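Down below is the structure, laid out as structure tokens.
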Amino acid sequence: QVQLVESGGGLVQPGGSLRLSCATSGSIFSLSIMSWYRQAPGKQREFVAFITNDGSTYYADSVKGRFTISRDNAKNTVYLQMNSLKPEDTAVYYCNTWPPDPHYWGQGTQVTVSS
């Protein structure tokens, strides 16, 4: 059974940083474009960033220049380094493939940006 487990969220002040991790099973990781998504309260889940097998990346305009996605193929893990965080970045963050597979949604990790 494929599992994606997100971690690293928390409460941070505006302008702060967090690094999220997503551990996956190797059966999907090695073959997949991996992506981060987020869902803010009362809003639909939205795309944040993706990374291909060879390291090419793509970002939503709202996070470009502040967030960095990376992957460690040996550890089957994808990361999201978030800098210069804003209150509007508050959301539950999820990882999945790109495009997302509905069977792979995990619990997510809560990120709250507040003073």
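Which ³J(HN,Hα) values in Hz, rounded to whole numbers, follow from the phi angles of the range 5-13 under the Karplus curve 6.51 cos²θ - 1.76 cosθ + 1.60, where θ = phi - 60° and Gly and Pro get x?
10, 8, 7, x, x, x, 9, 9, 7
Counting DSSP beta bridges in the chain, what percent are antiparallel, to the nearest 5?
Roughly 90 percent of the beta bridges in the chain run antiparallel, per DSSP.
Helix-only estimate, please: 222 nm mean residue ellipticity of the chain, summing -39500 (n - 2.57) across DSSP H runs of length 4 or more and dividing by its residues, to the nearest 500.
-500 deg cm²/dmol
Find which of G106, P87, N73 sits farthest along the positive direction of the dipole of the range 56-115, computed with +1 on the beta-carbon of Lys and Arg, -1 on that of Asp and Glu, about the Cα centre.
N73
Pop the C-beta distance of E46 and K75 into the FRET formula with R0 = 22 Å and round what comes out to the nearest 0.05.
Computed FRET efficiency for E46 and K75: 0.25.
For the range 45-106, what is the accessible area per residue in Å², given a 1.4 Å probe and the full set of protein chains?
Accessible surface, normalised per residue, equals 51 Å².
Once the whole set of protein chains is in place, how much accessible area is left on I51, using a 1.4 Å probe, in Å² to the nearest 10?
Roll a 1.4 Å probe over it and I51 shows about 10 Å².
When the chain is fully extended, how far beyond the present Cα-Cα distance does E88 get from Q13, taking 0.36 nm per residue of separation?
Length gained between E88 and Q13: 25.8 nm.
Dipole magnitude of the chain about its Cα centre, charges +1 at Lys/Arg Cβ and -1 at Asp/Glu Cβ only, in debye to the nearest 20?
So the magnitude is around 160 debye.
Once fully extended, how much extra length lies between W105 and Q1, figured as 0.36 nm per residue of separation less the alpha-carbon to alpha-carbon distance?
36.2 nm
Do any trypsin sites (Lys or Arg not before Pro) in the range 39-115 lie in a loop, going by DSSP, with at most 13 other beta-carbon atoms within 10 Å of their beta carbon, and if so which?
K43, K64, K75
Mind checking which of Q44, Q13, Q81 has the largest fluctuation in a GNM of the chain, springs on alpha carbons under 10 Å?
Most flexible of the set in this elastic network: Q44.
The values are calculated or read from the model by the stated rules, or taken from the named source; none is laboratory data. From a predicted model like this one, the values you see are computed outputs, not experimental measurements. In this analysis, Cβ positions are derived from the backbone assuming ideal geometry, glycine residues included, and neighbour counts consider all displayed protein chains. Protein only, heavy atoms only, side chains kept; ligands, DNA and RNA dropped before computing areas. Shrake-Rupley method; radii C 1.70, N 1.55, O 1.52, S 1.80 Å.
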